[in-house]
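A quick write-up on the structure given underneath.
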Amino acid sequence: MNPFSTPPASRRWLQTATLLLASLLLQTPVFGGIYKWTDANGEIHYTQTPPPDGITTQKIEGALPPAESQQTLHEEQRKLQEQLKAFDERRAEQKEEETIRKLEQEDREINEKNCITAKNNLGKLQQGGIKRYLTPEGDVIRLTEEDRQRRTTEANKQVEQYCNP
């Protein structure tokens, strides 16, 4: 009998039967069931193969029991959220500490520059003699002895402030 020469209804029945037979052959059968057993360390195992000889087993028919209850899942989720929160807090603290370290380093560098400037100014003032100085306004002035002493005192304070923090 040629399947291409049969009427369409018979062909459909033949295709359906072939498809049903193929799907039955492709299914994987479950032969042994599931075994529950406890090892020497007290850990519970679920396997499809029997455990080693000498171990008491419990054969389970049907599906495995749920791994964890809903309450346990919520507890685990809460713990993970707490760990994530703690991690975020530690990360924020580390970022803040890094910012503080950078600011402290910048302060040290500024103090070093100010220390050098203060020492240079003090050295020039201690040389004595009549010196000319440029004011912030751009004027050139000559210091009196009294002005020189006052500026020397100020320069000493700056050296102490910036060179001995």
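The values are calculated or read from the model by the stated rules, or taken from the named source; none is laboratory data. Given the structure is predicted, the values throughout are model-derived calculations rather than measurements. Because the Cβ atoms are built from the backbone with ideal geometry, glycine has one as well, and the counts that use them run over all protein chains shown.
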**OP:** Report, ordered by the first and then the second residue, all pairs with beta carbons closer than 8 Å, sequence separation of six or more or different chains, a first member in segment 52-69 that is under 22 Å from Ala40 (Cα atoms) and of a type in the set (Ser, Thr, Tyr), and a second member that is at pLDDT 65 or above and outside any strand (DSSP E or B).
**Re:** Thr57/Pro50; Thr57/Pro51
**OP:** Go over the candidates Glu61, Glu82, Glu68 one by one and state the one that is at pLDDT 75 or above and not aromatic (Phe, Trp, Tyr).
**Re:** Glu82
Original post:
Scanning for something more than 42 Å from the chain's Cα centre (by Cα), modelled with pLDDT of 90 or more and either within 30 Å of Tyr35 (Cα to Cα) or surrounded by 10 or more Cβ atoms within 10 Å (Cβ to Cβ) (or both), does segment 119-134 turn up at least one residue?
Top reply: yes
